[in-house]
Amino acid sequence: MKILVTGGLGYIGSHVSVLLLEKGVDVIILDNLDNARIEVLDRIEAITGKRPIFEQVDLKDQNLVKALFATYPDLDGCIHFAAHKAVGESLKQPLRYYENNIGGLIHILKPLTRQGIPLIFSSSCTVYGQAQELPITEETPLKPSSSPYGFTKQMGEQIIQDSCIANPNFRAILLRYFNPVGAHPTAQIGEYPQGIPQNLVPFLTQTVIGKRPILKVFGSDYDTPDGTCIRDYIHVMDLAQAHIESLNHLISSSQSPSCEIFNVGTGTGASVLELIQAFEDATGEKVPYTLSAPRAGDTVVAFADVTKIERKLGWKAQYTLHEALKSAWDWEKQIDKNP
Ligand code: UD1
């Protein structure tokens with residue numbers, strides 16, 4: 001089997017590439033190195049003993065995308081991660097987000113739909129906004145996004161759904177990730193934020209290692225048991241495995257609907273304070289933190305109903321929050337040694 005992984009040197013893409021290679025799949029990684037490091041290729045090889053094919057291609061360049069699909073005419077599937085993903089940045093540079101996330105998607109959809117190559121799309125629970133009812137199912141109504149980044153996920157889903165309707169031989173799975181955290185158990189690959197991390201776990205690990213003075217807990221007066229926001233944190237290894245099950249499903253069951261949506265979470269929420277406590281329990285380290293003002297635009301509570309993915313794909317999260325946080329800490333210590 002030959003699979004194209006766009007954004008395959010990024011955080012989630014690199015973990016998925018490792019699992020694919022371990023299953024004996026031929027992996028072609030496409031990445032423009034905009035927010036990823038070429039060293040990740042060596043790390044993937046060190047973990048798996050196999051070096052994926054690497055193509056440095058920017059999906060915004062339609063001609064390069066065409067040439068890529070001409071070079072690999074026998075692809076069995078595509079997993080599409082390549083996208084910008086910072087909410088705050090997207091508010092400042094909306095056109096950059098729309099051009100890259102929507103333009104890039106359209107450029108790969110043209111050959112994929114023409115050739116009937118199945119697609120897995122990385123979407124986000126951000127499409128739900130603050131849901132009225134919890135846990136969030138795939139039927140929970142979507143809310144207009146509060147950022148261009150979020151809109152690119154909603155539009156991306158719509159564009160793929162429309163493409164499935166228009167092309168009966170084209171099939172896709174849209175995975176709505178909840179909050180991915182943690183790193184590969186070898187600590188060779190993980191999340192490598194550029195600049196000041198915006199997400200909780202990389203900010204926390206950088207604080208504990210001494211790169212940041214203190215972690216600010218954004219909001220402590222919300223209507224939750226301890227006043228802090230609640231999220232569904234999922235180990236990146238579990239999330240990666242969900243892509244493998246999705247691919248198996250797409251390739252083996254041609255009877256299923258041409259475009260299916262799945263939440264990927266653990267089904268359990270943790271508050272920011274619970275996460276800090278879990279980190280301290282898992283690592284024995286103390287987290288310096290302070291209660292601070294809410295972050296504008298934050299969703300208060302989000303956690304997934306994972307019944308559908310369990311039932312249809314037979315996938316269920318295996319790792320605990322403690323294991324995820326321990327792996328995030330091992331990864332942070334490793335980055336500190338090999339920046
Ligand atoms: C964020 C994005 C979301 C995106 C997801 C990808 C925002 C507003 N949302 O989700 O669109 O799909 O990342 O991973 O950026 N927190 C702190 N202190 C910090 C950082 C975060 O208390 O320094 C809190 C937040 O208020 C939130 C929780 O930690 O309650 C998780 O935050 P974060 O990791 O940024 O994820 P999301 O906001 O859920």
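Laboratory data are not the source of any read-out in this text; all were calculated from the coordinates shown. Every value quoted in this text rests on a predicted model; they were computed, and no experiment measured them. All Cβ positions, even for glycine, are placed from backbone atoms using ideal geometry, and neighbour counts span all protein chains on display.
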Length released on extending from N338 to M1, taking residue separation times 0.36 nm less the Cα-Cα span
117.9 nm
Given R₀ = 25 Å, what would the calculated FRET efficiency be for R96 paired with A296, taking r from the Cβ atoms and rounding to 0.05?
0.75
Share, in percent, of DSSP beta bridges within the chain that are antiparallel, nearest 5
5 percent
Hits for the chain under the membrane-span-like helix rule (DSSP H, Cα axial span at least 20 Å, Kyte-Doolittle mean at least -0.5) are 148-166, 236-252
Neighbour-count order for M155, M237, fewest beta carbons within 10 angstrom listed first
M155, M237
Which FRET efficiency, nearest 0.05, do T320 and N199 yield, Cβ-Cβ r, R0 25 Å?
0.80
Ellipsoid equivalent to the range 19-59 - semi-axes via the Cα gyration tensor, in Å
19, 12, 7
Taking every eigenvalue of the Cα gyration tensor of the chain, multiplying by 5 and rooting it, what semi-axes result, largest first, whole Å?
31, 23, 19
Lysine pairs meeting the criterion (Cα under 20 Å, 8 or more apart or interchain), as found in the range 1-68:
4
Any lysines with Cα under 18 Å of the K92 Cα? List them, leaving off those in the same chain fewer than 8 positions away.
K153
If you take the charge dipole of the chain about its Cα centre, with +1 on Lys and Arg Cβ and -1 on Asp and Glu Cβ, which of L239, P52, A172 is farthest toward its positive end?
P52
From fewest to most C-beta neighbours within 10 Å, the residues V272, V25 line up as V25, V272
One finds the C-alpha centres of the range 307-339 and the range 266-296 to be spaced, in Å, by 16 Å
How many angstrom separate the Cα center of the range 1-78 from the Cα center of the range 205-258?
23 Å
Taking S146, S123 and counting other C-beta atoms within 10 Å, the order from fewest to most:
S146, S123
